[in-house]
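Here the structure is laid out as structure tokens; the discussion comes afterwards.
Any read-out appearing in this document is the output of simple, stated calculations on the displayed coordinates, not a laboratory observation. Note that the coordinates shown come from a computational prediction; the quantities given were computed from them, not determined experimentally. A quick note on method: Cβ atoms are made from the backbone with ideal geometry, for glycine too, and the neighbour counts reach across all protein chains shown.
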Amino acid sequence: MLLPRIIPCLDVKDGRVVKGVRFQGLRDAGDPVELASAYAEQGADELVILDVSATPEGRGHALDVVRAVRAVLPLPLTVGGGVRVVADAEALLSAGADKIATNTAAVARPQLLDELAGRFGCQCTVLALDAASNGNGWQVVVRSGRDRTGRDALAWAAEAVTRGAGEILLTSWDRDGTGAGYDLELLAAMRRAVPVPIIASGGAAGPKHMAEALQAGADAVLAATIFHDGHTTVADLKAELAGLGVEVRR
């Protein structure tokens, strides 16, 4: 059984790391290269870079950021934002990504997942799924949280897996940036819906929240604010998780 992964996330806009609440009110959080290097030294297991303005601005991912981060990062790197066609993914992989995440474009054209998996493999194809509560379940939101699709998040994830998505990066829109903890009901429901690894995202404020997410069915936990704002380091977080009885990677 694989041990859980601790994954810092860099939301990037105009070459800088940003962070907000529910994808809004973005503030500067630092230089992506400096943060990536620091998190690698602290013992991060992977890193995720999401270009949060690529899709709203109708452009591709900033490849120069990926190249610069890759130059200092000895870890697996997942990159998303602005991936609309196979050529976009190919450019990101050439720049240094190991896995490609897609969200809005896959919702608009689900065949994109078939194409990415067919060209690069399921292990390289990540569905980034942003889900918001709608009272009796969760619906898919796209365009960095701007648009609610009305589409059932669990059904979409299950379809994505049949099309070749090898991992789900699951972000709770309701919890993003709040520090209120991951949406455990969403995680448990998603665990029942798909057989592939799930990365929990949105709401972490400390090791207790991460332990709860892993218990609910996540295979990895992603966080941003707690690392960017210096509330903890990856190394300290892993030590605290170990103290809670969660076996982590060294």
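Given the DSSP H assignment, sum -39500 (n - 2.57) over each helix run of at least 4 residues in the chain and divide by its residue total; what's the result at 222 nm in deg cm²/dmol, nearest 500? Numbers along the way, then the final one.
Details: 10 runs with 91 residues, N = 250.
So the calculated ellipticity at 222 nm is -10500 deg cm²/dmol.
Could you order peptides 180-186, 79-85 by the average number of other Cβ atoms within 10 Å of their residues, highest first?
On the way: 180-186: 20.7, 79-85: 24.3.
Final packing ranking: 79-85, 180-186.
Give me the dipole magnitude in Debye, nearest 20, for the chain about the Cα centre, with unit charges on the beta carbon: positive for Lys and Arg, negative for Asp and Glu. Please list the in-between numbers first.
On the way: 25 positive and 31 negative charges, 67 e Å.
Charge dipole of the chain: 320 debye, to the nearest 20.
Hey, if you put +1 on the Cβ of every Lys and Arg and -1 on every Asp and Glu Cβ in the chain, which of LEU92, ALA242, LEU186 ends up farthest toward the positive end of that dipole?
LEU186
Any idea what the alpha-carbon Rg over 2.2 N^0.38 Å comes to for the chain?
On the way: Rg = 16.3 Å, N = 250, 2.2 N^0.38 = 17.9 Å.
So the chain has a normalised radius of gyration of 0.91.
Quote the relative contact order of the chain in percent (integer), defining contacts as alpha-carbon pairs under 8 Å separated by 6+ residues.
Working: 549 pairs, mean separation 47.1, N = 250.
Here the relative contact order equals 19 percent.
When the chain is fully extended, how far beyond the present Cα-Cα distance does ALA108 get from ALA242, taking 0.36 nm per residue of separation?
Values: separation 134, 0.36 × 134 = 48.24 nm, distance 4.13 nm.
This chain segment gains 44.1 nm when fully extended.
Quick one: if you stick a label point 7 Å off each Cα along the C-beta vector at ASP31 and LEU3, how many nm between them?
With each label point 7 Å from Cα toward Cβ, the separation is 3.2 nm.
Using the charge dipole of the chain (Lys, Arg: +1 at Cβ; Asp, Glu: -1 at Cβ; taken about the Cα centre), state which of SER37, ALA211, GLY80 has its Cα farthest towards the positive end.
Looking along the dipole axis, the top candidate is GLY80.
Please list, ordered by chain and number, the residues whose modelled amide H lies under 5 Å from the amide H of GLY137; skip anything fewer than 5 residues away on the same chain.
none
Around LEU10, which amide H atoms from residues at least 5 apart in sequence, or from another chain, sit under 5 Å from its own amide H, with H modelled in the peptide plane?
HN-HN under 5 Å from LEU10: VAL48, ILE49, LEU50.
Taking H placed 1.01 Å from N in the peptide plane, check which residues at least 5 places from GLY15 or on another chain put their amide H under 5 Å from its amide H.
none
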